[in-house]
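See structure below.
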Amino acid sequence: MAKIIALNWKLNPATEKEARRLALLSDKKGVVLFAPSIFLGSIAEKTTKAALGAQNIFWEQRGAFTGEISASMVKSVGAEWILVGHSERRKYFGETDEVVAKKLEAAARAGLKIILCVGEPWSIRKKGVEEAKKFVARQLKSVPRNVSLIVAYEPVWAIGTGKSDVPEESAAMTKFIKGITGARVLYGGSVQGENILRFLDRQEIDGVLIGGASVNKTELKKIFNQVQRSHLTSQNRNRELRRFQA
Ligand code: PEP
(Lines give C-alpha, C1' and ligand atoms only; values in the text may rest on other atoms or scores of the structure.)
Protein backbone atom coordinates (compact mmCIF):
# COMPACT_ATOMS: atom_id res chain seq x y z
CA MET A 1 0.00 0.00 0.00
CA ALA A 2 1.33 3.47 -0.88
CA LYS A 3 2.72 5.56 1.94
CA ILE A 4 0.76 8.59 3.10
CA ILE A 5 2.19 12.10 3.12
CA ALA A 6 -0.07 14.06 5.47
CA LEU A 7 0.45 17.82 5.66
CA ASN A 8 -0.75 19.81 8.66
CA TRP A 9 -0.79 23.52 7.89
CA LYS A 10 -1.79 24.45 11.47
CA LEU A 11 -2.76 28.19 11.65
CA ASN A 12 -1.28 28.99 8.22
CA PRO A 13 -1.21 30.60 5.69
CA ALA A 14 -2.59 34.10 6.28
CA THR A 15 -4.86 34.43 3.24
CA GLU A 16 -7.09 32.35 0.99
CA LYS A 17 -4.99 33.35 -2.02
CA GLU A 18 -1.84 31.93 -0.41
CA ALA A 19 -3.73 28.82 0.64
CA ARG A 20 -4.80 28.13 -2.94
CA ARG A 21 -1.22 28.62 -4.16
CA LEU A 22 0.20 26.32 -1.50
CA ALA A 23 -2.46 23.72 -2.21
CA LEU A 24 -1.44 23.60 -5.87
CA LEU A 25 2.17 22.85 -4.84
CA SER A 26 0.97 19.96 -2.69
CA ASP A 27 -1.63 18.59 -5.09
CA LYS A 28 -0.16 15.11 -5.50
CA LYS A 29 -1.41 11.55 -5.18
CA GLY A 30 -0.86 10.12 -1.70
CA VAL A 31 -1.04 13.56 -0.07
CA VAL A 32 -3.63 14.40 2.58
CA LEU A 33 -3.80 18.13 3.15
CA PHE A 34 -5.04 19.32 6.57
CA ALA A 35 -5.84 22.97 5.93
CA PRO A 36 -7.67 25.51 8.11
CA SER A 37 -11.38 24.73 7.63
CA ILE A 38 -12.15 28.18 6.31
CA PHE A 39 -10.01 27.48 3.22
CA LEU A 40 -11.20 23.93 2.49
CA GLY A 41 -14.03 24.75 0.07
CA SER A 42 -11.83 27.07 -1.94
CA ILE A 43 -8.91 24.59 -2.02
CA ALA A 44 -11.26 21.78 -3.07
CA GLU A 45 -11.91 23.73 -6.29
CA LYS A 46 -8.17 23.90 -7.03
CA THR A 47 -6.98 20.39 -6.19
CA THR A 48 -7.54 17.17 -8.12
CA LYS A 49 -5.05 14.67 -6.70
CA ALA A 50 -4.51 15.45 -3.01
CA ALA A 51 -7.19 14.51 -0.49
CA LEU A 52 -8.36 17.21 1.92
CA GLY A 53 -8.94 17.16 5.65
CA ALA A 54 -9.89 19.43 8.55
CA GLN A 55 -7.72 19.94 11.61
CA ASN A 56 -10.58 19.91 14.08
CA ILE A 57 -14.31 19.27 14.49
CA PHE A 58 -16.83 19.48 17.30
CA TRP A 59 -18.60 16.26 18.33
CA GLU A 60 -22.16 17.54 17.88
CA GLN A 61 -23.77 17.75 14.45
CA ARG A 62 -25.68 21.00 14.93
CA GLY A 63 -27.04 23.39 17.53
CA ALA A 64 -26.08 26.26 19.81
CA PHE A 65 -22.29 25.82 19.80
CA THR A 66 -20.99 29.17 18.55
CA GLY A 67 -17.78 28.97 16.56
CA GLU A 68 -17.73 25.19 16.11
CA ILE A 69 -17.86 23.12 12.93
CA SER A 70 -19.24 19.63 12.52
CA ALA A 71 -18.02 16.52 10.73
CA SER A 72 -20.84 16.77 8.17
CA MET A 73 -19.94 20.41 7.42
CA VAL A 74 -16.38 19.29 6.70
CA LYS A 75 -17.66 16.61 4.32
CA SER A 76 -20.00 19.03 2.58
CA VAL A 77 -17.12 21.21 1.36
CA GLY A 78 -15.25 18.31 -0.20
CA ALA A 79 -12.95 17.12 2.60
CA GLU A 80 -12.81 13.45 3.58
CA TRP A 81 -10.28 13.42 6.42
CA ILE A 82 -10.00 14.67 9.98
CA LEU A 83 -7.10 15.07 12.39
CA VAL A 84 -8.02 14.22 15.99
CA GLY A 85 -6.02 14.51 19.21
CA HIS A 86 -3.15 16.63 17.89
CA SER A 87 -0.85 17.56 20.80
CA GLU A 88 -1.40 21.28 20.15
CA ARG A 89 -5.14 20.77 20.64
CA ARG A 90 -4.49 18.78 23.79
CA LYS A 91 -2.09 21.46 25.09
CA TYR A 92 -3.72 24.77 24.10
CA PHE A 93 -7.40 23.76 24.02
CA GLY A 94 -7.44 21.32 26.91
CA GLU A 95 -8.58 18.33 24.84
CA THR A 96 -8.64 15.28 27.07
CA ASP A 97 -8.83 11.64 26.03
CA GLU A 98 -12.61 11.84 26.72
CA VAL A 99 -12.98 14.74 24.27
CA VAL A 100 -10.83 12.87 21.76
CA ALA A 101 -13.13 9.84 22.09
CA LYS A 102 -16.24 11.95 21.40
CA LYS A 103 -14.64 13.50 18.33
CA LEU A 104 -13.57 10.09 17.04
CA GLU A 105 -17.13 8.83 17.35
CA ALA A 106 -18.57 11.89 15.59
CA ALA A 107 -16.01 11.63 12.78
CA ALA A 108 -16.64 7.92 12.28
CA ARG A 109 -20.43 8.44 12.27
CA ALA A 110 -20.05 11.02 9.49
CA GLY A 111 -17.79 8.70 7.49
CA LEU A 112 -14.66 10.85 7.73
CA LYS A 113 -11.28 9.12 7.48
CA ILE A 114 -9.43 9.69 10.72
CA ILE A 115 -5.83 10.31 11.70
CA LEU A 116 -5.50 10.10 15.49
CA CYS A 117 -2.36 11.72 16.94
CA VAL A 118 -0.69 10.22 19.98
CA GLY A 119 2.72 10.76 21.54
CA GLU A 120 4.51 11.30 24.80
CA PRO A 121 6.04 14.50 26.25
CA TRP A 122 9.77 14.66 27.02
CA SER A 123 9.13 14.27 30.78
CA ILE A 124 7.98 10.72 29.98
CA ARG A 125 10.37 9.85 27.16
CA LYS A 126 13.41 10.81 29.24
CA LYS A 127 12.47 7.91 31.53
CA GLY A 128 12.84 5.55 28.59
CA VAL A 129 10.96 4.01 25.68
CA GLU A 130 9.03 1.58 27.91
CA GLU A 131 7.48 4.52 29.82
CA ALA A 132 6.65 6.18 26.49
CA LYS A 133 4.88 3.00 25.36
CA LYS A 134 2.76 2.96 28.53
CA PHE A 135 1.80 6.62 27.93
CA VAL A 136 0.82 5.99 24.32
CA ALA A 137 -1.10 2.83 25.25
CA ARG A 138 -3.16 4.92 27.70
CA GLN A 139 -3.95 7.48 24.98
CA LEU A 140 -5.02 4.68 22.64
CA LYS A 141 -7.60 3.55 25.19
CA SER A 142 -9.70 6.54 24.04
CA VAL A 143 -10.36 4.85 20.69
CA PRO A 144 -13.98 3.65 20.77
CA ARG A 145 -14.63 0.11 19.63
CA ASN A 146 -15.54 -0.20 15.93
CA VAL A 147 -13.86 3.09 14.98
CA SER A 148 -11.24 2.45 12.33
CA LEU A 149 -8.48 4.96 11.90
CA ILE A 150 -4.85 5.66 11.15
CA VAL A 151 -2.57 6.57 14.05
CA ALA A 152 0.13 9.25 13.82
CA TYR A 153 2.85 8.69 16.38
CA GLU A 154 4.08 12.19 17.18
CA PRO A 155 6.40 12.47 20.19
CA VAL A 156 5.44 15.88 21.60
CA TRP A 157 9.07 16.90 22.12
CA ALA A 158 9.75 16.38 18.41
CA ILE A 159 6.93 18.61 17.14
CA GLY A 160 8.17 21.91 15.78
CA THR A 161 11.53 21.59 17.56
CA GLY A 162 13.77 20.48 14.69
CA LYS A 163 14.65 17.38 16.78
CA SER A 164 13.05 14.37 15.12
CA ASP A 165 12.90 10.96 16.78
CA VAL A 166 15.50 8.29 16.01
CA PRO A 167 13.87 6.33 13.14
CA GLU A 168 14.65 2.97 14.82
CA GLU A 169 12.83 4.09 17.97
CA SER A 170 9.78 5.44 16.16
CA ALA A 171 9.70 2.23 14.11
CA ALA A 172 9.64 0.24 17.37
CA MET A 173 6.83 2.45 18.70
CA THR A 174 5.00 1.98 15.38
CA LYS A 175 5.13 -1.80 15.82
CA PHE A 176 3.87 -1.43 19.38
CA ILE A 177 0.91 0.75 18.24
CA LYS A 178 0.09 -1.68 15.43
CA GLY A 179 0.07 -4.51 17.98
CA ILE A 180 -2.59 -2.67 20.01
CA THR A 181 -4.74 -1.19 17.25
CA GLY A 182 -4.06 -3.09 14.03
CA ALA A 183 -4.01 0.38 12.40
CA ARG A 184 -1.60 1.88 9.89
CA VAL A 185 0.85 4.18 11.66
CA LEU A 186 2.52 7.39 10.50
CA TYR A 187 5.44 9.21 12.11
CA GLY A 188 5.29 12.96 12.81
CA GLY A 189 7.74 15.37 14.44
CA SER A 190 10.18 17.70 12.63
CA VAL A 191 10.06 15.82 9.34
CA GLN A 192 11.73 17.83 6.56
CA GLY A 193 13.29 17.27 3.15
CA GLU A 194 16.57 16.29 4.71
CA ASN A 195 15.23 13.49 6.95
CA ILE A 196 11.96 12.31 5.37
CA LEU A 197 13.41 9.20 3.74
CA ARG A 198 14.86 7.98 7.02
CA PHE A 199 11.24 7.50 8.11
CA LEU A 200 9.56 6.63 4.80
CA ASP A 201 12.18 3.96 4.05
CA ARG A 202 11.28 2.08 7.26
CA GLN A 203 8.97 -0.70 6.23
CA GLU A 204 6.98 -0.48 9.53
CA ILE A 205 6.15 3.22 9.05
CA ASP A 206 3.19 3.82 6.73
CA GLY A 207 3.81 7.50 6.07
CA VAL A 208 4.54 10.84 7.68
CA LEU A 209 2.64 13.77 9.15
CA ILE A 210 4.44 17.03 8.44
CA GLY A 211 3.68 20.37 10.12
CA GLY A 212 6.03 23.36 9.80
CA ALA A 213 7.81 22.18 6.64
CA SER A 214 4.48 21.78 4.81
CA VAL A 215 3.98 25.56 4.64
CA ASN A 216 7.56 26.33 3.65
CA LYS A 217 7.72 26.24 -0.16
CA THR A 218 11.45 25.44 -0.32
CA GLU A 219 11.11 22.56 2.14
CA LEU A 220 8.00 21.33 0.40
CA LYS A 221 9.86 21.04 -2.90
CA LYS A 222 12.69 19.14 -1.19
CA ILE A 223 10.16 16.82 0.42
CA PHE A 224 8.46 15.96 -2.88
CA ASN A 225 11.82 15.50 -4.64
CA GLN A 226 12.86 13.02 -1.99
CA VAL A 227 9.53 11.18 -2.12
CA GLN A 228 9.78 10.93 -5.90
CA ARG A 229 13.35 9.61 -5.64
CA SER A 230 12.38 6.94 -3.14
CA HIS A 231 9.38 5.99 -5.29
CA LEU A 232 11.60 5.53 -8.36
CA THR A 233 14.12 3.49 -6.36
CA SER A 234 11.40 1.16 -5.14
CA GLN A 235 9.96 0.85 -8.68
CA ASN A 236 13.42 -0.16 -9.94
CA ARG A 237 13.79 -2.60 -7.07
CA ASN A 238 10.46 -4.24 -7.97
CA ARG A 239 11.38 -4.36 -11.68
CA GLU A 240 14.69 -6.06 -10.83
CA LEU A 241 12.85 -8.52 -8.60
CA ARG A 242 10.33 -9.38 -11.35
CA ARG A 243 13.17 -9.86 -13.87
CA PHE A 244 14.97 -12.12 -11.40
CA GLN A 245 11.80 -14.19 -10.77
CA ALA A 246 10.88 -14.53 -14.50
C1 PEP B 1 2.54 18.37 13.35
O2 PEP B 1 2.03 19.49 13.39
O3 PEP B 1 1.84 17.37 13.43
C4 PEP B 1 3.99 18.25 13.24
C5 PEP B 1 4.53 17.07 13.20
O6 PEP B 1 4.70 19.44 13.19
P7 PEP B 1 6.24 19.60 12.74
O8 PEP B 1 6.43 18.82 11.48
O9 PEP B 1 6.42 21.06 12.57
O10 PEP B 1 7.08 19.03 13.85
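The values are calculated or read from the model by the stated rules, or taken from the named source; none is laboratory data. Note that the structure is a prediction, hence the values are computed from the model and not measured. Glycine also receives a Cβ, built like all others from the backbone with ideal geometry; neighbour counts cover every protein chain displayed. What goes into the accessible areas is simple: the full protein's heavy atoms, side chains included, and nothing from ligands, DNA or RNA. Shrake-Rupley method; radii C 1.70, N 1.55, O 1.52, S 1.80 Å.
Tallying residues that are within 12 Å of the ligand (Cβ to nearest atom), out of contact with any Gly (no Cβ under 7 Å at 6 or more places or on another chain) and in a helix (DSSP H, G or I) within region 175-212 yields 2.
Does Lys126 satisfy the criteria of being surrounded by fewer than 19 Cβ atoms within 10 Å (Cβ to Cβ) and within 14 Å of the ligand (Cβ to nearest atom)? Taking the combined requirement at face value, the residue does not satisfy it. The number of residues in region 142-160 that are under 18 Å from Leu186 (Cα atoms), not in a helix (DSSP H, G or I) and not small (Gly, Ala, Ser) comes to 9. For Asn146, which of the numbered conditions (1) under 17 Å from the mean Cα position of the chain (by Cα); (2) over 24 Å from Leu11 (Cβ atoms) fails to hold? The single condition Asn146 does not satisfy is (1).
Restricting attention to region 4-36, the residues that are more than 16 Å from the ligand (Cβ to nearest atom) and either within 14 Å of Gly212 (Cα to Cα) or open to solvent by 10 Å² or more (accessible area, probe 1.4 Å) (or both) total 13. If the condition is being in a helix (DSSP H, G or I) and buried (at least 22 other Cβ atoms within 10 Å of the Cβ), then region 161-174 contributes Ser170, Met173, Thr174. May I ask you to list the residues in region 46-71 that are in contact with a helix residue (DSSP H, G or I) (Cβ under 9 Å, 6 or more places away or on another chain) and closer than 18 Å to Val32 by Cα? Residues satisfying the conditions are Lys46, Thr47, Ala50, Leu52, Gly53, Ala54, Gln55, Asn56, Ile57, Ala71. Among the residues of region 46-66, what is the count of those that are in contact with a strand residue (DSSP E or B) (Cβ under 8 Å, 6 or more places away or on another chain) and over 16 Å from Glu80 (Cα atoms)? The total comes to 0.
Yes or no, residue by residue, for (1) at pLDDT below 95; (2) open to solvent by 80 Å² or more (accessible area, probe 1.4 Å); (3) of a type in the set (S, T, N, Q):
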residue	(1), (2), (3)
Leu197	no, no, no
Thr218	no, yes, yes
Asn225	no, yes, yes
Phe244	yes, yes, no
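Scanning region 23-72 for residues that are among the hydrophobic types (A, V, I, L, M, F, W, C) and without any contact (Cβ under 8 Å) to a residue 24 or more places away in the chain turns up Leu24, Ile38, Phe39, Ala64, Phe65.
Per the conditions (1) of a type outside the set (A, V, I, L, M, F, W, C); (2) within 16 Å of the ligand (Cβ to nearest atom); (3) surrounded by 14 or more Cβ atoms within 10 Å (Cβ to Cβ), the sole criterion not satisfied by Ser142 is (2). Sort out which residues of region 77-135 are free of Cβ contacts under 8 Å to residues at least 12 places away in the same chain and in contact with a Ser or Thr (Cβ under 8 Å, 6 or more places away or on another chain), and write them in order of number. Arg90 - this is the single residue of region 77-135 that is free of Cβ contacts under 8 Å to residues at least 12 places away in the same chain and in contact with a Ser or Thr (Cβ under 8 Å, 6 or more places away or on another chain). May I ask you to list pairs of residues, at least six apart or on different chains, whose Cβ atoms are under 9 Å apart, with the first in region 213-226 being over 11 Å from Val191 (Cα atoms) and assigned to a loop (DSSP other than H, G, I, E, B) and the second being away from the ligand (no atom under 15 Å from the Cβ) and modelled with pLDDT of 95 or more? Every condition considered, no pair remains.
Highlighted here are the helices (runs of 4 or more DSSP H) found entirely within region 23-93 that include at least 3 residues which are within 21 Å of Gly111 (Cβ to Cβ) and among the aliphatic types (A, V, I, L, M): 37-46, 71-76.
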